[in-house]
Amino acid sequence: MIAAHDITLRRGGRQLLDAVSLAVRPGEVVALVGPNGAGKSTLLRVMTGELTPNAGAVTWAGRSLGACTPLALARGRAVVSQQARIAFPMTAAEIVALGRLPWHGTPQGAPARQAGLVAAALARAGVPEALWHRHYDTLSGGEQQRIQLARALAQIEGAPAPVALFLDEPTASLDPGHAAALLRCLRALARERGAMVLVVLHDLNQAGFVADRVALLREGRLEAEGRPGDMLSAERLGVLYGVRFRAAGGLLAPDFAA
Amino acid sequence: MASRLKRWLPVLALLVLAWVMLMALLLGPARVSPAGFWAVLADALGLAPLPAEFRRDAVVLGVIRGPRVVLGALVGAGLAAAGTAMQGLFRNPLADPGLIGVSAGAALAAVGAIVLAGPLVGAAAGMMGLWLLPVAAFIGGLGATLAIARLARRGGATAVGTLLLAGVAVNALCAALTGLLIFMADDRQVRDITFWTFGSLAGARWAQVPVALVLVGLPVLGLLALARPLNALVLGEAEAFHLGIRVERVKRVAVALAAIAVSAGVAFTGLIGFIGLVVPHLVRLAVGGSDHRLVLPVAASLGGALLVAADLAARSLAAPAEVPIGIVTALLGAPFFLWMLRRHIA
């Protein structure tokens, strides 16, 4: 289990997170939902170990994250950040191969196995073979996002269970077809490998489909958390986002005119 | 290019370096025949006594060209490897070792040594002789880098953007102080300074080679070992951390190794621009990628080869006079780089 205990984070005199507690258990997908600037990405980055909170602690199977080396963390969790710019030209396959970096020098990192793992990750993330050796910069935003997913999948391949996967708006540039494929992939990871998945989502219907639990964040505070059916109600979301929601055919839609 | 072929590129680059070094030994105003080369080599290894007809070759190879070629290869490799590492670290194709203050700091200290050594330390300067300038330049280069790194650190973390800006400011300060010293210098000193800032391998001695092997060679090997972390940094600093890299430590080690290698190189040869900036680009274009496991070793070998070739041109073009090597590297390299750039765009 990965658990954040009373996380408070201040940067530049601003309080970004205020005593937030959240746990992700093995086999569970948790969706982080809330308005822009609510602290979703910040909480995700604290839970990956990237940001150190001013107060509170993140524990991973009972161990404090601060006591883990970056390498130990990298062998247990992978992160898909919001769209990243790469500094020098690289092909899709080269980027995915970087996901195997933490395993260098271990039995799982044996050079002969790496090409196969990279190909499997690319296939699982739905990247067509024609793109594997294309330069990353020449690909569309959605294709790049799937390559980053493939890199994360490659990274947790061969890791001891339970692995963790953190994703920050992974469907932002994806068309509905590819978004659905990605969400199914996350569900499968949780079901089949007992993975702990924490995902920031803006599309509430996507959250409703993929999540076992939904956490609502606003102004750095955890407003509520619970089952998607309870959290994603038109009333709650109306208060959270300040816009009216309509439920139609089991789906939620914001009322843009109101 | 097939990846199996790519793996041999570092070996190929090393062969190119060896070939250029051999050519630089044999060619020049006084030609040495292959027979002369083998005779001198056999003598040096104690295999066969030197025939009388090759005595001149022994002097040309052993005393004059030998140390130049070895020192040139080391310094060129150091500049190119440091440039590659800085570009990777700063995630910026325009970065070069000069950015972290090495060149400006070394120049300030060297000019200071030329202008102030006489009045300040008098006879002691004479005793240090050949070593005064290199030691001053080495300390100056490292000192400027240290100052920049210290200025850019806050709460244990180094912001790369701040490092860049601190570098610009410290470079400007060093340049201003250097200008002040030049203003104070007499005509002979100004000439010394001018030639130092253009760089030259003419002062190479065997005594410098072991020092360069340690202070340039070892840091280059250290930078080669950073290939994987630098690959991860292509994705971004946060992503590199997520992949298990101790980003802050990599930054510090890379800056320190680059500063040592370049300071030591510059100390023996004076300022040689261009190689640290352009060789990494040429190599990335040539190998068709950014994998530092390939780019770093190939750049190191080709940087060495380029400097040795430039030195050959420097001492051949206007023999018996020598064209400053910094002028040659820029004259040869800049048009070639522009041609590669245009071809790449097309």
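Please treat every number below as a calculation from the coordinates, not as lab data. Just so it is clear, the structure is predicted and the values come from calculations on it, not from any experiment. Cβ placement follows ideal geometry from the backbone for every residue including glycine, while neighbour counts extend to all protein chains displayed.
Data table
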quantity: Square roots of 5 times each gyration tensor eigenvalue, C-alpha, chain B, largest first, Å; calculated: 33, 28, 17
quantity: The range A:172-203-the range A:93-114 distance, computed between alpha-carbon centres (Å); calculated: 24 Å
quantity: Average other protein chain Cβ within 10 Å of Cβ, residues A:96-107; calculated: 3
quantity: Integer Hz, Karplus 6.51/-1.76/1.60 couplings in order for the range A:69-74, x for Gly and Pro; calculated: 6, x, 5, 4, 4, 5
quantity: Square roots of 5 times each gyration tensor eigenvalue, C-alpha, the protein assembly as shown, largest first, Å; calculated: 57, 27, 20
quantity: Of A:G126, A:G116, A:G56, the one that fluctuates the most in a GNM where chain A has Cα springs shorter than 10 Å; calculated: A:G116
quantity: Charge dipole (debye, nearest 20) of the range B:2-345; +1 at Cβ of Lys and Arg, -1 at Cβ of Asp and Glu; calculated: 800 debye
quantity: Listed residues B:L108, B:L17, B:L177, most fluctuating in chain B (Gaussian network, C-alpha, under 10 Å); calculated: B:L177
quantity: Translational diffusion of chain A, µm² s⁻¹ [Kirkwood Rh, Cα pairs; Stokes-Einstein; 20 °C; 1.002 mPa s]; calculated: 113 µm²/s
quantity: Contact order normalised by residue count of chain A, Cα under 8 Å, 6+ apart, percent; calculated: 26 percent
quantity: Nearest 10 degrees, 0 to 90: helix A:141-156 Cα axis against chain A principal axis; calculated: 70 degrees
quantity: Loop-located chymotrypsin sites (Phe, Trp or Tyr not before Pro) in the range A:229-258 whose Cβ has at most 14 other Cβ within 10 Å (DSSP); calculated: A:F256
quantity: Residue-by-residue Karplus 3J(HN,Hα) for the range B:227-241, coefficients 6.51, -1.76, 1.60, Hz, glycine and proline x; calculated: 4, 5, x, 5, 4, 4, 5, 4, 6, x, 5, 5, 5, 4, 4
quantity: Percentage relative contact order, the range B:2-345, counting C-alpha pairs under 8 Å, at least six apart; calculated: 31 percent
quantity: GluC sites (Glu not before Pro) restricted to the range A:174-258 and DSSP loop, no more than 16 other C-beta within 10 Å; calculated: A:E219
quantity: Selected from B:R150, B:R315, B:R188 as most flexible by GNM, with chain B as the system and alpha-carbon contacts under 10 Å; calculated: B:R188
quantity: Efficiency of FRET between B:E248 and A:R227 - r from beta-carbon atoms, R0 41 angstrom, step 0.05; calculated: 0.50
quantity: Within the protein assembly as shown: Cβ-based charge dipole about Cα centre, in debye rounded to nearest 20 (Lys, Arg +1; Asp, Glu -1); calculated: 580 debye
quantity: 10 Å Cβ neighbours from other chains, averaged over peptide B:224-236; calculated: 4
quantity: Virtual spin-label span in nm between A:A234 and B:A225, 7 Å along Cα→Cβ; calculated: 6.5 nm
quantity: Within the protein assembly as shown, percent of DSSP bridges classed antiparallel, to nearest 5; calculated: 60 percent
quantity: Cα lying deepest toward the dipole's positive end in the range B:2-345, options B:L177, B:G28, B:P219, charges on Cβ; calculated: B:P219
quantity: Mean residue ellipticity (222 nm) of chain B, computed from DSSP H runs ≥ 4 via -39,500 (n - 2.57), nearest 500; calculated: -24000 deg cm²/dmol
quantity: Estimated 222 nm signal from helices in chain A, with DSSP H stretches of n ≥ 4 weighted -39500 (n - 2.57), rounded to 500; calculated: -10000 deg cm²/dmol
